[in-house]
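J.: Below you'll find the structure I mean.
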Amino acid sequence: MRTKWAGNAVVFSICISLLAPAGHSRAADMSVRVTLPDFVVNLNGHTVENQYRKYPLLVYRDITYFPMTWNDTRLLGLEANWSPSEGLTIKQSQVTSSYEPYKTDRRNAAAYAAEVPASSVTINGKTIDNSKEEYPLLSFRDMTYFPLTWGFAHNEFGWDYRWDDAKGLSITSFNPQLQTVGLPAYAGENDVALFKGDYYFVETTGTTNHVYRVPVQQPSLKQEIYTYDIGSFDLQHTPLSFQIRDNTLWFTYHLGGGFMGHDEFVKIGIDRKAESLNSGYFGYMDFRDTLYGTLIVKLGLAALARDNLLLLPPGQDVAKPKSVGDPSVIYGGHVINNGDVENVGVNALSTAVIGDDVYLLATHSKSDANKIYKINLQTNKSNKIIDSNVSWFRLIDNKLYYVKDEDNALYSSALDGTREMKLSDHAVSWFDSIDGNVFYTTKKDANRFELYQADPNGDDPLVWTTPVANVQVLNNRLVCQFGENDDYGVVLLDSSGHLLLKAADPIARIFTSDEGILLKSARDSSVTFIR
């Protein structure tokens, strides 16, 4: 997939032959002698190693040429496309890529023959007659090569273009770059977080997990902040995961089976030390900080025993929590009826706290399940806010946003449940809001979803034409992740759904971060960062 332009270049050459006037053929394209550079070339700080590169940089008439591979073009903020109607089009675009060395085992010769295609090319909307250019585009190894002249590199694309007799040629583009993070190779195999200038990651040695912190500016200063033993649960424990709650970094993990095992939550304090919130309970759980202490929600099978909403006041023994709400009600999770079996969904968590009040799902019985309730933590008074069956909800900008079981559509209301409004035209798989704009996904097929913006006054517009594999809101941006067969690995959109950046690299995961976007490569688990 990532040498896609090489294939396009072959199509380009074939199409030129087919579309040329009678008597013209590929043989009519002029052949010229090119050499490999005998000086250093840096592209955005990456030194190009030409001796074993499948697509080496070339020199023609004392001008350096670079190959228009998929990654090389996007590294420099360019997109190159071929169509029968428009031919070859090269333009600056909101794209980026990590550096790809294209390394082979075969050493290149010092000189080769390349061709000058007799065709027109459009560069940033301007048509160029390649046959009349002093420094034309070239074709070598079925790849189009572009001249790094001052006119193109500096004037047309705005790159920083520098030559130094000792340091060679340096080209710097100003599109955002994917920066490799200086973490150990194993870091991306578990979870990684960037928070307040530090990276956090995990190393597993034997049956022990070690959690480390390293400063962004000094990645060699590794400090262990927490350790725990997987022990006999080695085959059953879930990987540690980081999350940011109320501007505080936490990590959580589950040891043992779903019923006999337990969740652990650990907070990273302002002193950057780890403090465990030991659940003391079997099964899964969730929690929220409140004015009155820690609100604990027992989930999974543990919730079916009822009395699963607990409050642990500051300094209180974890074994002596206070019961909250109606002890005969199941709180917190989405209850699923499967014949005579009820299961409480662990992944569809819907609990929010504002002042004295906690909003959460509540199930009294199979006929009265998954309603949104408000409980006052001071008085323990409970009120039903939304009487419809709700899959999950979120509290955003002092409004309730929720998905109903009956139609899987998205609705909003005031905090007291009044002024309900249907927001989505389609069934909703995920939703969130940025600057008052609501976005949601609807399932297209297995592992692919279409991204829409909710418009209560008209048809919901499709935000991105390619279905996404995953989308989330991070640092006031929509971060869209795509499948391994898509052109781009991740796309960043602003709060209005407009394009900010497309990254060509295949992405396996998006990590927790309080600034920029932290990514895991699908190629080698390395960690990269986009500011």
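J.: In the stretch 78-173, with Lys and Arg counted as +1 and Asp and Glu as -1 at Cβ, which of these residues, Asn81, Ser139, Tyr99, has the Cα nearest the positive end of the dipole, that is, farthest along it?
T.: It is Tyr99, whose Cα lies furthest towards the positive end.
J.: Among Arg107, Arg141, Arg394, which comes first, then next, by fewest other beta-carbon atoms within 10 Å?
T.: Ascending number of Cβ neighbours within 10 Å: Arg107, Arg141, Arg394.
J.: What's the exposure ranking of Phe174, Phe146, Phe529, Phe393, going from fewest to most Cβ atoms within 10 Å?
T.: Listing Phe174, Phe146, Phe529, Phe393 from fewest to most nearby Cβ atoms yields Phe174, Phe529, Phe146, Phe393.
J.: Can you compute the helix-only [θ] at 222 nm over the chain? Use -39500 (n - 2.57) per DSSP H run of at least 4 residues, normalise by all residues, nearest 500 deg cm²/dmol.
T.: -1500 deg cm²/dmol
J.: By a straight-distance test (C-alpha under 18 Å), which lysines pair with Lys404 as possible cross-link partners, with residues fewer than eight away in the same chain excluded?
T.: Lys366, Lys371, Lys374, Lys384, Lys422, Lys443
J.: For helix 4-19, report the angle its Cα long axis makes with the longest principal axis of the Cα atoms of the chain; keep it between 0 and 90° and round to the nearest 10°.
T.: Approximately 40 degrees, to the nearest 10.
J.: Which percent of the Cα-Cα distances in the stretch 368-461 go past 23 Å?
T.: 26
J.: Using +1 at the C-beta of Lys and Arg and -1 at the C-beta of Asp and Glu, which of Ser513, Gly489, Pro467 has the Cα lying farthest in the positive direction of the dipole of the stretch 457-531?
T.: Projecting each Cα onto the dipole axis, the largest value belongs to Ser513.
J.: Here's another thing I want to ask about it. Given the peptides 69-78, 362-371, 298-307, arrange them by the average over their residues of other C-beta atoms within 10 Å, most packed first.
T.: 69-78, 298-307, 362-371
J.: Taking the convex hull of the Cα atoms, report for the chain its projected area averaged over all directions, in nm². Before the final figure, lay out the partial values.
T.: Working: hull surface 121.7 nm².
With the hull built on Cα positions only, its mean projection is 30.4 nm².
J.: Next up: Enumerate the amide H contacts of Asn370 below 5 Å, restricted to partners 5 or more residues apart or on another chain; note that Pro and chain-start residues carry no placed amide H.
T.: Residues meeting the amide H criterion: Val335, Ala362, Thr363, His364.
J.: Something else: Which aspartates and glutamates, on any chain, are close to Lys167 with Cα under 18 Å apart, when same-chain ones fewer than 8 places away are left out?
T.: Result set, ordered by chain and number: Asp38, Glu49, Asp62.
J.: What ³J(HN,Hα) values, in whole Hz, does the Karplus curve 6.51 cos²θ - 1.76 cosθ + 1.60 give for the stretch 200-214 when θ = phi - 60°, with x put for Gly and Pro?
T.: Per-residue couplings from phi come out as 10, 7, 10, 10, 9, 10, x, 10, 10, 9, 10, 9, 10, 10, 9 Hz.
J.: Determine ³J(HN,Hα), in whole Hz, for all residues of the stretch 372-389 in sequence, where each value follows from phi through the Karplus function 6.51 cos²θ - 1.76 cosθ + 1.60 and θ = phi - 60°; x replaces Gly and Pro.
T.: Running phi through 6.51 cos²θ - 1.76 cosθ + 1.60 with θ = phi - 60° gives 8, 10, 10, 10, 7, 6, 7, 9, 6, 6, 10, 10, 7, 9, 10, 8, 7, 6 Hz.
J.: Treating the beta-carbon of each Lys and Arg as +1 and of each Asp and Glu as -1, no other charges, what is the dipole magnitude of the chain about its Cα centre, to the nearest 20 debye?
T.: 540
J.: Could you list which residues have their amide H under 5 Å from that of Ala508, counting only those 5 or more apart in sequence or on another chain, with H placed in the peptide plane?
T.: Lys520, Ser521, Ala522
J.: So for Asp263, Asp387, Asp460, Asp62, fewest C-beta neighbours within 10 Å to most, what's the order?
T.: Least crowded to most crowded, the residues run Asp62, Asp387, Asp460, Asp263.
J.: Can I ask one more? What are the ³J(HN,Hα) couplings of the stretch 162-177, residue after residue, when phi is run through the Karplus curve with 6.51, -1.76, 1.60 and θ = phi - 60°? Round to Hz, x for glycine and proline.
T.: 10, 10, 9, 4, 8, 9, x, 9, 10, 10, 10, 8, 10, 6, x, 10
J.: Could you tell me which residue out of Thr248, Pro215, Gln453 lies farthest along the dipole of the chain toward its positive end? Charges go on the beta carbon: Lys and Arg +1, Asp and Glu -1, centred on the Cα centre.
T.: Pro215
J.: Taking Lys126 as the anchor, which aspartates and glutamates have their alpha carbon closer than 14 Å to its alpha carbon, excluding any fewer than eight residues away along the same chain?
T.: Glu86, Glu156
A short reminder: the numbers here are calculations on the coordinates, not readings from a lab. Quick caveat, the model's predicted, so the values are computed rather than measured. As a convention, Cβ positions derive from the backbone with ideal geometry for all residues, glycine included, and neighbour counts pool all protein chains shown.
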